[in-house]
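Take a look at the structure set out below.
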């Protein structure tokens, strides 16, 4: 620890040289010891902080490392003949778009004739390509009868091979490892790649689609909208109730055994594991009230129960921080108790209440356990339209991708987490802005 | 200003509440979307069918929940009506007790449709020493207590060659599913109970419960690692860690990762698609879906959903479920499943 002593700011002197003639050597030694202790204390704090920062950096780096590629998806460029053979111009919705795409693939690789090889060839494209084409032609039926050069979504095996690197996959095949692409398929891909018809393109689907079983077709919008609806319900229920409870407890309630009991219970509730609230939601909202399963309304109600104690505790602390002189001044000027609260105390306490609410909501955003019981951990393709339609939330969506067997889900999971973090950041930023606006000084 | 007009705010709140109640009422009356609950093993297949069904028919995409087989059947058997699910996924047959509870709650007519098989594989990272295992060796490596010279002692084996000299001198280290997972149930049943069945000391036990405990208790000295509910985590651990670690998980995960992992033969049978389908691979099980007949005609699309599920383009060797790792039924069994889905013939009490 000699260097620590050398680092000590001005107080450090060469050992044995007294600071002032009045200090005995014993006192001077003790003083040096205290300085060293302080130095160590600061270093511990710094070490703790760097550990946290390191953990955060490692987390973010690993997320970006494994998830960034999910924002680009492999596409193949093919010349598709949108012929009347496959689609009836009067009913474009019902056309055989799969057949159209298969014909386009076979036209591109005319040497492929055997049945098995043709199936391998068809497997290059995702089933999403068919749907994209259907949507495109339905939106613009004048395309029927024309030939179009289109970028089409590739299947997940192709996508994974492109992201691993085609040459590396070829190496793996040579080494005899089981690869999900055959040698022929790889040859076709290499040819497409040489001719510039194989590319990674921006994956806008990820932000506009709901869940899917195919990793190349998944999107976060379903989970995002579900999270938003659930949080809105949660906010609408928890904020008024929480603030009302806090105001009553802080401003009106008499101090007696009963209110003390309530206080203890609120503090305890804040520490109850979240799954318990899920069970409560199952018993009360679903079984007793007959609300629909998987609905954001029920999810929001359960999360509101979960966040209420946090909001009440934060709101009470904020109310208590308003100086009594403000209340006394208002009362002395003839304001009623309600006017004191609504005109003076609440506006002054609002920033604190909002901070507590943000924390509670951010907490609720990450919850999955209570939602399991009320059926929000489910495979839902449709984007939820209102608070009664089946929905899931972002963390659940991420959890379900994490358990998918297909390799393509690994990057989608990491990408989903990035979206969740961005959602949380923007939510917090909005709340901070709002708090700035209502903040007042006294 | 916040509560300047408390009366008006209150009126608005009451109105909103009433509106909500009304819409809830309307919601409870009619449900136009199929709801499915149950096994997490069947989940990937049912969701694939649900997605295909939603995209190719005018009906809405069914909502599929992964609750585990037991939890799913409990929800399924809770009663008739739109608030109860229409279909249950199961990675095993419905038990007689579950069937009885269904009957008590008015769910009297249930159609049982087998959809395929699932295998549990024992796999390692590619490139290590290759050796097969028997179920008995697996049990000896994993059991909490093993019989040695007629005495039950705490499992002393640390290396595979202590169990059988023909195995390599490699440390025993196995990562597998936790007790909460359905894969673990099947692993206990098929691998461990199957493995200890022929051990003379186990056969000497007459009490069935004690025998089950002896067979299915897993050692807790760190040689067996619980890998979490998610099979993908086990796969990732296996692929990145040193050789010697052995993983236990569902076949579909091996099927998706054959470039990194290889399955070990069990009792001399490789864990391949064909071997699981033919029943030669010893650690495999059947999967089912159960339909509530009373909901057919009330919830739109149920009949069509079953049709899609049992169609050749879904459950045949070239169907889209097979590409997701389902081990499909033999053609005759598929025909029978299709017939069951068409006739909706209610099942009898299982096991009778």
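Filtering the range B:225-254 to residues that are at the interface with chain A (Cβ under 8 Å from one of its Cβ atoms) and touching a residue at least 12 places away in the same chain (Cβ under 8 Å) leaves B:229, B:231, B:232, B:250, B:252, B:253. Any residue that is in contact with a helix residue (DSSP H, G or I) (Cβ under 7 Å, 6 or more places away or on another chain), within 13 Å of another protein chain (Cβ to nearest Cβ) and not in a helix (DSSP H, G or I) - is there at least one of those in the range A:393-401? No, every residue in the range A:393-401 fails to be in contact with a helix residue (DSSP H, G or I) (Cβ under 7 Å, 6 or more places away or on another chain), within 13 Å of another protein chain (Cβ to nearest Cβ) and not in a helix (DSSP H, G or I). Every listed requirement among (1) surrounded by fewer than 21 Cβ atoms within 10 Å (Cβ to Cβ); (2) closer than 22 Å to residue A:65 by Cβ; (3) touching a helix residue (DSSP H, G or I) at 6+ places or on another chain (Cβ under 7 Å) is met by residue A:416 save one, (1). The set of residues in the range B:61-81 that are within 16 Å of the chain's Cα centre (by Cα), within 11 Å of another protein chain (Cβ to nearest Cβ) and surrounded by fewer than 24 Cβ atoms within 10 Å (Cβ to Cβ) comprises B:68, B:71. Only one of the numbered conditions (1) within 14 Å of another protein chain (Cβ to nearest Cβ); (2) touching a residue at least 24 places away in the same chain (Cβ under 8 Å); (3) more than 30 Å from residue A:383 (Cα to Cα) is violated by residue A:244, and that is (2).
If a residue counts only when it is in contact (Cβ under 8 Å) with a residue 40 or more places away in the chain and on the phi < 0 side of the Ramachandran plot, which helices (runs of 4 or more DSSP H) contained entirely in the range B:72-172 have at least 2 such residues? Show your work before the answer.
Values: elements: B:96-104, B:135-142, B:160-163.
Output list reads B:96-104, B:135-142.
In contact (Cβ under 8 Å) with a residue 24 or more places away in the chain and within 12 Å of chain B (Cβ to nearest Cβ): does that describe residue A:384?
Numbers: in contact (Cβ under 8 Å) with a residue 24 or more places away in the chain: yes; within 12 Å of chain B (Cβ to nearest Cβ): yes.
Considered against the rule, which asks whether it is in contact (Cβ under 8 Å) with a residue 24 or more places away in the chain and within 12 Å of chain B (Cβ to nearest Cβ), residue A:384 comes out as yes.
Looking at A:23, A:59, just one residue is surrounded by 10 or more Cβ atoms within 10 Å (Cβ to Cβ) and not in a helix (DSSP H, G or I), and that residue is A:23. Inclusion of residue B:117 among residues that are within 16 Å of residue B:38 (Cβ to Cβ) and within 23 Å of the chain's Cα centre (by Cα) is not warranted. Each residue in the range B:305-332 was checked for being over 20 Å from the mean Cα position of the chain (by Cα) and part of a helix (DSSP H, G or I), and 7 pass. Among the residues of the range A:107-135, the ones that are in contact with a strand residue (DSSP E or B) (Cβ under 8 Å, 6 or more places away or on another chain) and either part of a loop (DSSP other than H, G, I, E, B) or surrounded by fewer than 16 Cβ atoms within 10 Å (Cβ to Cβ) (or both) come to 3 in all. Taken over the range B:45-60, residues that are more than 7 Å from chain A (Cβ to nearest Cβ) and touching a helix residue (DSSP H, G or I) at 6+ places or on another chain (Cβ under 7 Å) amount to 6. Taken over the range B:295-352, the residue count meeting the criterion of being farther than 20 Å from residue B:56 by Cβ and within 14 Å of chain A (Cβ to nearest Cβ) is 3.
Matching residues to (1) under 17 Å from residue B:267 (Cβ atoms); (2) surrounded by fewer than 18 Cβ atoms within 10 Å (Cβ to Cβ):
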position: B:183; (1), (2): no, no
position: B:186; (1), (2): yes, no
position: B:191; (1), (2): yes, no
position: B:200; (1), (2): no, yes
position: B:203; (1), (2): no, yes
position: B:207; (1), (2): no, yes
position: B:211; (1), (2): no, yes
position: B:214; (1), (2): no, no
position: B:221; (1), (2): no, yes
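No other residue among A:330, A:315 is more than 23 Å from residue A:385 (Cα to Cα), in a helix (DSSP H, G or I), out of contact with any strand residue (DSSP E or B) (no Cβ under 6 Å at 6 or more places or on another chain) and within 14 Å of chain B (Cβ to nearest Cβ) apart from A:315.
The rows are residues; the columns are (1) at pLDDT 90 or above; (2) away from every other protein chain (no Cβ under 11 Å).
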{"position": "A:169", "(1), (2)": "no, no"}
{"position": "A:188", "(1), (2)": "yes, yes"}
{"position": "A:200", "(1), (2)": "yes, yes"}
{"position": "A:204", "(1), (2)": "yes, yes"}
{"position": "A:207", "(1), (2)": "yes, yes"}
{"position": "A:211", "(1), (2)": "yes, no"}
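Evaluation of residue A:207 against the conditions (1) exposed (fewer than 14 other Cβ atoms within 10 Å of the Cβ); (2) more than 24 Å from residue A:400 (Cα to Cα) shows that the sole unmet condition is (2).
Residue B:147 falls short on exactly one of the conditions (1) surrounded by 19 or more Cβ atoms within 10 Å (Cβ to Cβ); (2) in contact with a helix residue (DSSP H, G or I) (Cβ under 8 Å, 6 or more places away or on another chain), and that condition is (1).
The values are calculated or read from the model by the stated rules, or taken from the named source; none is laboratory data. Fair warning: this is a prediction, and the values are worked out from it, not measured in the lab. Neighbour counts are summed over all protein chains in view; Cβ atoms, including those assigned to glycine, are modelled from backbone coordinates with ideal geometry.
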